[in-house]
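S.K.: Quick one: the structure is below, and I'll ask about it shortly.
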Amino acid sequence: MQYLSANFTFDATMSAQNQPPAFVSALFIIDVQNHLAIGPTGVPDAEKIRHAISIVLELTRQHNGNMMGQGTSDERVKIVFVQHNDSDLDDPLYKGKESWGLVFRPQAGDDAEILVQKDEGELAITSPLLSVDSYTVLTS
C-alpha cells in the first residue's frame, strides 16, 4: 500500500499558446485494496494507515468543494485512485475478486477524481494518463 502526493502533468506537449504545460496538484492513493488494507492479510498498521488516508482524502475533497464554490475549479487537487490488477487467477488482486476491491473509491460525477487501472508494478509504465514527468516522481 502506497500513498503519494505529487505534481504531475497529463500532457507533456506545449499548449496552443506555446506555453509549457501547467502542473496540477494531485493526491495519489495507490493500491489501497481490500487484500492489502483490511483484515489478517493487511499490511502492518493497516487500520492506522487507512485512517490517515481517510483524513487526507476528506481534507482534499473539502478543499475541492471550496474551490468549486469560489468558482476556481482549476485550483482543485486531482485525486488519482490506482488499482492493481493481477493476471494470475489465484492472486487476491485478480480483477473482480472481493479482495481486489478498493477501500477508497472516486466520487461519481467528480472530474477531479479518477481511477487508474495498472497491470504492472510500475504505475508510470502502465498508465497512458500520466506523463513521462510523473515517472520520476513515482520512482524517486
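S.K.: For the stretch 113-140, give me each residue that is of a type in the set (Gly, Ala, Ser) and either part of a loop (DSSP other than H, G, I, E, B) or at pLDDT 55 or above (or both).
M.R.: Gly121, Ser127, Ser131, Ser140
Conditions tested, residue by residue: (1) at pLDDT 90 or above; (2) in a loop (DSSP other than H, G, I, E, B).
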site	(1), (2)
Asn7	no, no
Asp11	no, yes
Val56	yes, no
Gly65	yes, no
Gly71	no, yes
Asp74	no, no
Val80	yes, no
Gln83	yes, no
Pro92	yes, yes
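S.K.: Does any residue of the stretch 24-47 turn out to be modelled with pLDDT of 90 or more and at positive phi?
M.R.: Yes, the stretch 24-47 has at least one match.
S.K.: Please identify the pairs in which a residue from the stretch 66-77 that is under 18 Å from Leu27 (Cβ atoms) has its Cβ atom under 7 Å from the Cβ atom of a residue that is of a type in the set (S, T, N, Q), counting only partners at least 6 apart or on another chain.
M.R.: Met67/Ser73; Arg76/Asn64; Val77/Ser25; Val77/Thr60; Val77/Asn64
S.K.: Given the condition in contact (Cβ under 8 Å) with a residue 12 or more places away in the chain, in contact with a helix residue (DSSP H, G or I) (Cβ under 9 Å, 6 or more places away or on another chain) and of a type in the set (Asp, Glu), answer yes or no: does some residue in the stretch 30-38 qualify?
M.R.: Scanning the stretch 30-38 turns up at least one residue that is in contact (Cβ under 8 Å) with a residue 12 or more places away in the chain, in contact with a helix residue (DSSP H, G or I) (Cβ under 9 Å, 6 or more places away or on another chain) and of a type in the set (Asp, Glu).
S.K.: What residue, among those in the stretch 34-84 that are polar (S, T, N, Q) and in contact with a strand residue (DSSP E or B) (Cβ under 6 Å, 6 or more places away or on another chain), is surrounded by the fewest Cβ atoms within 10 Å (Cβ to Cβ)?
M.R.: Checking each candidate, the answer is Gln83.
S.K.: Follow-up. In the stretch 94-112, what residues are in a strand (DSSP E or B) and at pLDDT below 95?
M.R.: Passing the criteria: only Tyr94.
The values are calculated or read from the model by the stated rules, or taken from the named source; none is laboratory data. The structure presented is a predicted model; accordingly, all values stated were derived computationally and were not measured. So basically every Cβ, Gly included, is an ideal-geometry build from the backbone, and we count neighbours across all protein chains shown.
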